[in-house]
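*Asks:* Handing you a structure now.
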Amino acid sequence: MRVLAGGIYHESHSFSNIPTDIEAFKSVLYLQGREVVEELGGTVSEMAGFIEGAEKYGFELIPTLWAWGLATGPVTAAALDEMIGVVHQAYQDNDGIDGVLFTLHGAMVSEPLPDGDGYILSRFREFMGDVHIAVTLDLHANISSLMVEKADIIVGYDTYPHIDQVERGLEAAELLARAIRDEIKPVMSMAKPPMVVVPNRQFTAEAPMKHLFDLAIEAEAEPGVLSVTVAGGFAYSDVPEIGPAVVVITDNNAQLGQQRADAIADRFWELRDDFVPKPADIPTAVQRAIESSSTPVILADVGDNIGAGTPGDSTFILSELLDKGATDAVVIIADPSSVEKAVAAGVGERVSLQIGGKTDRFHGEPVEVRAEVTLISNGVFRNRGQMRDGIVEDMGRTAVVAVGGVKIVLTEKKMPPWNLEQLRSVGISPESQKIIVVKSAVAFRAAYEPIAGEIIEVDSPGLSSVNLGQFNFKNIRPGLFPFS
Ligand SMILES: [Zn+2]
């Protein structure tokens, strides 16, 4: 049994002004052939689950590519052609392919088709015919009817912060192997409640999401039900099939699958008011953080959630911290030109900087400061712990500067706060800070919740603002809550 494996993972923000070309993948993580297995074996990734699955369920795994980009704007046609071309070539070079195990995000928007993941799967079908295709999807997938039509098996994450990539990779591998051996006949049924949910209400350890996953686990225990996926959707993709979905895979029982999918989707809808967030305004949040005795206080900059496709250079909370004279506070800002100036000045020197607010009009004005450069680093670190364990990250050249009691970590490339090693790698002990600003809605919790004294979600402006009314959606289907 021979199985092609790979991944093209991108969450696209329709209102980001940063286009996603092939370089956007190559500058983050782009592996081909054997490299895929060598780099990702044993990490927290779906590929590690595929590799484990190949051994456990007895098939030969043929790696193709692993293209992983940070969320930015829609993906170009040329980038998709190049990446799909790698898979096509591998398919032609290898005889007797029985199946495909592939990782997609599920909220890719692309030039050739708004439903980028549906487009990839359609192209796979064109050259693979009826080979079994199993895909894993992120919890923020906007699952479409085209994806369900073109894939045989869809397995979505059960966690946000996302920490179950290995398990889901393994689950997809098991279902695929059983389907190839004719032990099961997977049939997918989907239901989509007419609503959109912002990321910071999709935390899976708490209600309302936890409630839906409890129902999913219950349904998965029923005879004939093979897998249940609950996806929260991605609120910033301007596509018709935006929003949550429930996908139930049964062993050739579409009626049972549809009943269970409808029931969970109905519950989603009943809970719609609980999915509306209530973050604190910036002055209130910063004042509370300064006065708090439960430290470190984590201020979640929900509007500049890098994982959702924002630039990571928002200055609203930084300005407020400086205005209020906060001490022992840390903010990370992606700002290559300020890095350049700090590096040119050197450690121990003082330098005039205009920090952040440079990418677009959503994330505040640059903040003018006189800062002392305290550290310069290459910005490379390896993650430790449950979130992305073992994966090496690269923030580009990085400089730490101090302005009064506020430490500002300036990075060339944006990097979500997924792991404590990010701060430790630049000499900052997260546990000893009073205030840490994280540009994230929920993903930061895997790393920061264990050390946090208090977590405050901040209603900051930005491309991942909870106020969806500010975006000019043109393609979403009508009648979606909370829009109407
Ligand atoms: Zn996600």
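Values quoted throughout were computed directly from the atomic coordinates according to the rules given, and no laboratory measurement underlies them. The structure presented is a predicted model; accordingly, all values stated were derived computationally and were not measured. Counting neighbours? That spans all protein chains shown, and the Cβs are built from the backbone with ideal geometry, glycine included.
*Asks:* Would you work out if the chain is rounded, prolate or oblate? Take a ≥ b ≥ c from the square roots of the eigenvalues of the alpha-carbon gyration tensor; rounded if a/c is under 1.5, else prolate when a/b is larger than b/c, oblate otherwise.
*Replies:* Numbers: a/c = 1.97, a/b = 1.54, b/c = 1.27.
The shape class here is prolate.
*Asks:* Still on this model: What spacing in nm lies between the two simple spin-label points modelled at residue 287 and residue 220, each 7 Å away from Cα in the Cβ direction?
*Replies:* 4.5
*Asks:* Also: Relative to the longest principal axis of the C-alpha atoms of the chain, give the angle of the C-alpha long axis of helix 282-291, reported between 0 and 90° and rounded to the nearest 10°.
*Replies:* Tilt relative to the chain: about 70 degrees.
*Asks:* Also, I was wondering about something else. Express the C-alpha Rg of region 9-78 as a ratio against the empirical globular expectation 2.2 N^0.38 Å, rounded to two decimals. Write down the numbers at each step before the final one.
*Replies:* Working: Rg = 14.3 Å, N = 70, 2.2 N^0.38 = 11.1 Å.
Ratio of Rg to 2.2 N^0.38 Å for region 9-78: 1.29.
*Asks:* Here's another thing I want to ask about it. Which value in Å is the Kirkwood Rh of region 282-465 over different Cα pairs?
*Replies:* 15.9
*Asks:* Also: Karplus couplings for region 25-33 from phi (6.51 cos²θ - 1.76 cosθ + 1.60, θ = phi - 60°), rounded to Hz, Gly and Pro as x?
*Replies:* With the stated coefficients, region 25-33 comes to 7, 5, 7, 10, 8, 9, 10, 10, x Hz.
*Asks:* Note the per residue figure in Å³ for the convex hull of the C-alpha positions in region 415-484.
*Replies:* Taking the convex hull of the Cα positions in region 415-484, it is 126 Å³ per residue.
*Asks:* Go ahead and collect, in residue order, the members of region 112-150 whose backbone nitrogen is under 15 Å from a label point 7 Å along the Cα-Cβ direction of residue 254.
*Replies:* Only 145-146, 148-150 pass the distance filter.
*Asks:* How large is ³J(HN,Hα) for each residue in region 193-208, as worked out from phi by the Karplus curve 6.51 cos²θ - 1.76 cosθ + 1.60 (θ = phi - 60°), to whole Hz, x for Gly and Pro?
*Replies:* For region 193-208, the Karplus-derived couplings read x, x, 7, 10, 10, 6, x, 6, 9, 10, 4, 7, 7, 10, 5, x Hz, x marking Gly and Pro.
*Asks:* Within region 145-204, list the GluC sites (Glu not before Pro) lying in a DSSP loop whose Cβ has at most 12 other Cβ atoms in a 10 Å radius. Display every interim value, and only then the final one.
*Replies:* On the way: sites: 149, 167, 171, 174, 183; in loops: 183.
Here the GluC sites (Glu not before Pro) that fit, given the DSSP loop and packing criteria, are 183.
*Asks:* Now for a separate question. Give me the Debye-computed log₁₀ of I(q)/I(0) at q = 0.12 Å⁻¹ for region 2-275, equal point scatterers on Cα only, no solvent, two decimals.
*Replies:* -0.67
*Asks:* Could you tally the net charge around residue 429, taking each other residue with its Cβ under 15 Å from the Cβ of residue 429, Lys/Arg +1 and Asp/Glu -1? All intermediate terms of the calculation are to be shown ahead of the outcome.
*Replies:* Numbers: positive: 384, 407, 424, 434; negative: 328, 421, 431.
Charge balance near residue 429 sits at +1.
*Asks:* Report the Rg/Rh value for region 1-156, based on alpha-carbon coordinates and the Kirkwood definition of Rh.
*Replies:* A ratio of 0.94.
*Asks:* Still on this model: Got a sec? How would 211, 105, 140 order by Cβ neighbour count within 10 Å, fewest to most?
*Replies:* Least to most surrounded, the residues fall as 211, 105, 140.
*Asks:* Now for a different question. Given 150/439; 278/358; 56/192; 185/474; 341/474, which pairs have Cα atoms separated by over 31 Å?
*Replies:* Going by Cα-Cα distance, 150/439; 56/192; 185/474; 341/474 fall outside the 31 Å limit.
*Asks:* Something else now. In what order do 130, 335 fall by count of nearby beta-carbon atoms within 10 Å, going from fewest to most?
*Replies:* Least crowded to most crowded, the residues run 130, 335.
*Asks:* With a cut-off of at most 10 other beta carbons within 10 Å, and DSSP calling the residue loop, which trypsin sites (Lys or Arg not before Pro) in region 256-346 qualify? Please list them. Before the final figure, lay out the partial values.
*Replies:* Working: sites: 260, 267, 272, 288, 324, 341; in loops: 324.
Of the trypsin sites (Lys or Arg not before Pro), not one in the loops of region 256-346 has a Cβ with at most 10 other Cβ atoms within 10 Å.
*Asks:* Output the antiparallel fraction of DSSP beta bridges having both residues in region 2-275, as a percent to the nearest 5.
*Replies:* On the way: 16 of 42 bridges.
The antiparallel fraction comes to roughly 40 percent.
*Asks:* Per-residue HN-Hα couplings for region 449-465, Karplus 6.51 cos²θ - 1.76 cosθ + 1.60 at θ = phi - 60°, whole Hz, x for Gly and Pro?
*Replies:* 4, x, 10, 6, x, 7, 10, 10, 7, 10, 7, 8, x, x, 5, 10, 4
*Asks:* Separate question: Which order results if 188, 209 are arranged by neighbouring Cβ count within 10 Å, fewest first? Numbers along the way, then the final one.
*Replies:* Values: 188 23, 209 26.
Taking fewest neighbouring Cβ atoms as first place, the list is 188, 209.
*Asks:* Still on this structure, please answer the following. Skipping prolines and chain starts, which residues have an amide H placed within reach, meaning under 5 Å, of the one on residue 227, given they are 5 or more residues away or on another chain?
*Replies:* 249
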